[in-house]
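Here the structure is laid out as structure tokens; the discussion comes afterwards.
FYI, it's all coordinate maths here, none of it is from the lab. The model shown is predicted, which means the values in this text are computed figures rather than measured ones. Cβ atoms come from the backbone with ideal geometry, glycine included; neighbour counts cover every protein chain shown.
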Amino acid sequence: MSAVNDAPATAAALAPYAAHDGQSRGRRYPESPPEFRGEFQRDRDRIIHSNAFRRLVYKTQVFVNHEGDLYRTRVTHSIEVAQIARSVALALRLNEALTEAICLAHDLGHTPFGHAGQDALDECMREYGGFEHNLQSLRVVDELEERYAQFRGLNLTFECREGILKHCSLRHARELGELGERFIRRRQPGLEAQIANLADEIAYNNHDVDDGIRAQLLELSALREVRMFRRQYDAVVALYPDLGERRLVHETIRRMINYIVVDFIRTTQSQLTQAQPRSIDEVRARAQPLAMLSDSCREEHLELKAFLREQVYRHYKVLRMTSKARRVVQQLFEAFFKDANLMPPEYRDQALRAETTHGATARARAVADYIAGMTDRFAILEHRRLFEPGERT
Ligand code: MG
């Protein structure tokens with residue numbers, strides 16, 4: 001992308017509205033500054049070394065992990081999101097390390113089996129405060145990771161935690177102090193978070209086209225009904241009439257991503273030129289995000305999203321898989337909630353301890369933490385161990 005190559009940014013060239021190390025709102029537990037890297041690099045490095053990050057390899061978005069080796073998993077999705085967001089961040093002179101850290105951590109709290117798993121767990125938790133995957137990502141980095149002697153969790157910077165908590169219900173926002181404030185006051189996070197957020201959508205819409213074609217859920221002829229796809233596809237066919245299908249598809253998707261990312265950078269740049277924010281706090285104080293697509297690009301992007309919802313996410317083969325996934329999560333929850341002794345000792349003890357001090361809601365939360373941490377294949381295995389009489393336990 002030429003915009004990026006034209007303007008390589010260094011830390012010294014950060015824009016005034018970027019997140020600067022020296023202006024960070026800091027960590028929950030104070031630590032001395034790192035010696036040879038920045039604060040946000042340290043955040044990113046801690047995320048990469050976490051257990052939850054490694055588990056993303058075996059968690060899925062749309063297609064269950066064992067269906068094929070070439071489909072996106074949560075880890076490849078997170079890396080693709082980071083790639084897109086870093087390109088945008090560099091072009092706009094934002095903090096690349098913080099942007100990358102937010103992207104790599106944004107799905108850490110996802111349950112097994114993508115959205116089907118999250119919806120099922122949310123239903124199971126209805127009487128116990130619900131389950132929100134963004135909030136769970138924050139819980140993973142704040143509480144659940146056990147890697148450091150001095151504190152629970154990863155002790156990330158405020159800016160990184162702010163970016164990880166993309167959405168949050170008002171009820172939970174009230175319990176989160178400074179971090180929840182923006183949801184109550186309807187304010188924005190820093191630009192690095194805004195960019196990670198939009199990059200997430202761009203990444204999954206485009207890779208779901210690729211995965212949908214690979215899974216034979218999508219026909220190229222049907223995809224040509226989508227304006228954004230048709231324009232790039234027709235351009236590629238006109239230039240390369242003899243191209244094989246695989247390269248044709250990839251070249252089309254590559255051009256779609258490039259088209260959206262260039263629009264993203266230009267539109268956001270012009271928003272910034274108009275608004276002239278002088279600091280990250282001026283970005284935060286706004287009622288609307290500054291990172292955005294142009295109206296026409298957003299409209300076409302939404303058209304693609306609606307197409308995917310109909311053709312991929314509601315495809316009977318995907319629905320069969322999600323209904324199975326839902327059942328696995330529901331039955332695991334019921335079994336463990338009814339009898340915490342069925343969980344491995346460390347989770348059992350955690351659930352029983354939580355219950356003694358905070359009642360059934362805390363026990364439910366401990367069960368939800370155990371299930372949310374599972375990979376797709378581990379959840380399937382646990383389900384078999386619990387419900388198949390012939391299976392080893
Ligand atoms: Mg995501």
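Things worth noting here:
- Evaluated with a Cβ-only charge set (Lys, Arg +1; Asp, Glu -1), the range 318-387 carries a dipole of roughly 360 debye about its Cα centre, given to the nearest 20.
- For the range 301-335, applying the loop criterion from DSSP together with a ceiling of 16 other beta carbons within 10 Å to the trypsin sites (Lys or Arg not before Pro) yields Arg314.
- Spin-label pair Glu310/Arg171, simplified geometry with 7 Å Cα→Cβ offset, distance in nm: 3.5 nm
- With Cα atoms defining each centre, the range 301-356 and the range 129-168 are spaced 20 Å apart in the structure.
- The alpha carbon centroids of the range 71-103 and the range 238-257 are separated by 24 Å.
- Put the Cα centre of the range 368-390 next to the Cα centre of the range 181-227 and the gap is 29 Å.
- For the peptides 36-45, 76-85, 213-222, residues were scored by their other Cβ atoms within 10 Å and the scores averaged per peptide; the highest-first order is 76-85, 36-45, 213-222.
- Entry for the range 201-300 at q = 0.15, 0.20 Å⁻¹: log10 I(q)/I(0) = -0.68, -0.98, Debye formula applied to identical alpha-carbon scatterers, no solvent contribution.
- Computed FRET value (nearest 0.05) for Glu334 with Arg147, which takes r as the C-beta separation and R₀ as 30 Å: 0.45
- Kirkwood Rh in Å, taken over all unlike Cα pairs in the range 8-160: 16.6 Å
- Full extension of the segment from Arg320 to Asp122, taken as 0.36 nm per residue of separation minus the current Cα-Cα distance, would add 69.3 nm.
- Distance histogram in 10 Å bins (all Cα pairs of the chain, percent per bin): 5, 21, 30, 26, 14, 4, 0
- Compared with the direct C-alpha span, the chain from Asp242 to Gln83 gains 54.2 nm at full extension, assuming 0.36 nm per residue.
- The gain in end-to-end length when the Ala287 to Ser221 segment is fully stretched comes to 19.6 nm, 0.36 nm per residue minus the alpha carbon separation.
- Distance between the pseudo-spin-label points of Thr356 and Thr273 (7 Å out from Cα toward the beta carbon): 6.5 nm.
- With the convex hull of the Cα atoms taken as the outline of the range 96-227, the averaged projected area works out to 10.8 nm².
- Report note on the peptides 271-278, 117-124, 155-162, 336-343: ranked by the mean count of other C-beta atoms within 10 Å, highest first, their order is 155-162, 117-124, 336-343, 271-278.
- Cα extents of the range 281-388 along the three principal axes, largest first (Å): 55, 44, 19
- Inter-site label distance for Ala13 and Glu346 at 7 Å from Cα along Cβ, in nm: 4.5 nm
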